[in-house]
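The structure under discussion appears below in the form of structure tokens.
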Amino acid sequence: MNLAEMIRTIPDYPKPGIMFRDITTLLGDARAFRRAVDELVQPFAGRKIDKVAGVEARGFILGGAVAHQLSVGFVPLRKKGKLPFTTIAAEYALEYGVDTIEMHADAITAGERVMLIDDLIATGGTALASLELLRRVGAEVVAAAFIVDLPDLGGAERLRAAGVPVSTLVAFEGH
């Protein structure tokens, strides 16, 4: 099974010139979903991981499945204002403006080994903001995994340059 073929491409969404990589088609296929989760876990099998942190929203789906497979806890990283308890936040740049990602301040204990999960890495802004949050509470981010990489935008390389091993399953050149 070719996972890239299971991902729908939607031209000109959310704006002209963007090729949106929609993983909902992959998630909807039981075999493809299972294979993707297995492949997200495999490069880091045998490493001590205490928690998986998943980025809203598709990172919740993948991160929950990966955490289950690793038998570890799950930490949601959410958009500003969505978490009910004391939070910490990090801002990151968007093409036109900034956004904020938050996590509960007590979600991770200093020294815990964390794996970061999301569906796609493009410029790396969200992933780097997530890394900042996790490190601020003392987490050791030992891995990051994504189904889709848009290598022309350089996000995976930025995350590697920040000292995090990165694994991706599918690359789409020319985003």
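For region 55-92, a residue qualifies if it is among the hydroxyl-bearing types (S, T, Y) and either part of a loop (DSSP other than H, G, I, E, B) or in contact with a Cys (Cβ under 9 Å, 6 or more places away or on another chain) (or both), and the qualifying residues are S71, T86. When region 40-61 is filtered for residues that are more than 11 Å from the chain's Cα centre (by Cα), within 17 Å of E112 (Cα to Cα) and crowded, with 17+ Cβ neighbours inside 10 Å, the ones remaining, listed by number, are F44, I49, D50, K51.
Here region 124-140 is the region considered, the condition is being within 12 Å of the chain's Cα centre (by Cα) and either part of a helix (DSSP H, G or I) or touching a residue at least 40 places away in the same chain (Cβ under 8 Å) (or both), and the residue that is surrounded by the most Cβ atoms within 10 Å (Cβ to Cβ) is A127.
In region 93-102 there is at least one residue matching the filter, namely being modelled with pLDDT under 95 and not in a strand (DSSP E or B). Given the criteria hydrophobic (A, V, I, L, M, F, W, C) and either farther than 17 Å from L150 by Cβ or touching a residue at least 24 places away in the same chain (Cβ under 8 Å) (or both), does F33 qualify? Considered against the rule, which asks whether it is hydrophobic (A, V, I, L, M, F, W, C) and either farther than 17 Å from L150 by Cβ or touching a residue at least 24 places away in the same chain (Cβ under 8 Å) (or both), F33 comes out as yes.
Within the span defined as region 21-37, one or more residues are in contact with a helix residue (DSSP H, G or I) (Cβ under 7 Å, 6 or more places away or on another chain), buried (at least 18 other Cβ atoms within 10 Å of the Cβ) and assigned to a loop (DSSP other than H, G, I, E, B). For region 104-112, the count of residues that are β-branched (V, I, T), outside any loop (DSSP other than H, G, I, E, B) and over 20 Å from A156 (Cα atoms) is zero.
Checking the conditions here, which among G64, G97 is surrounded by fewer than 18 Cβ atoms within 10 Å (Cβ to Cβ) and farther than 16 Å from V41 by Cβ? After applying the criteria, what remains is G97. Residue count for region 2-12, restricted to those that are in a loop (DSSP other than H, G, I, E, B) and loosely packed, with under 12 Cβ neighbours inside 10 Å: 2.
Taken over region 141-171, the criterion of being surrounded by fewer than 17 Cβ atoms within 10 Å (Cβ to Cβ) and either on the phi < 0 side of the Ramachandran plot or in contact with a helix residue (DSSP H, G or I) (Cβ under 6 Å, 6 or more places away or on another chain) (or both) is satisfied by P151, D152, L153, E157, R160, A161, A162, P165, A171. Of all the listed residues (I23, I108), the sole one being closer than 23 Å to T168 by Cα and either aliphatic (A, V, I, L, M) or more than 19 Å from the chain's Cα centre (by Cα) (or both) is I23. If we scan region 39-47, do we find a residue that is among the charged types (D, E, K, R), modelled with pLDDT under 95 and more than 24 Å from G125 (Cβ to Cβ)? Scanning region 39-47 turns up at least one residue that is among the charged types (D, E, K, R), modelled with pLDDT under 95 and more than 24 Å from G125 (Cβ to Cβ).
The values are calculated or read from the model by the stated rules, or taken from the named source; none is laboratory data. Please read all numbers here as calculations on a predicted model, not as lab measurements. Quick reminder, even Gly has a Cβ in these numbers, built from the backbone with ideal geometry, and neighbours come from all protein chains shown.
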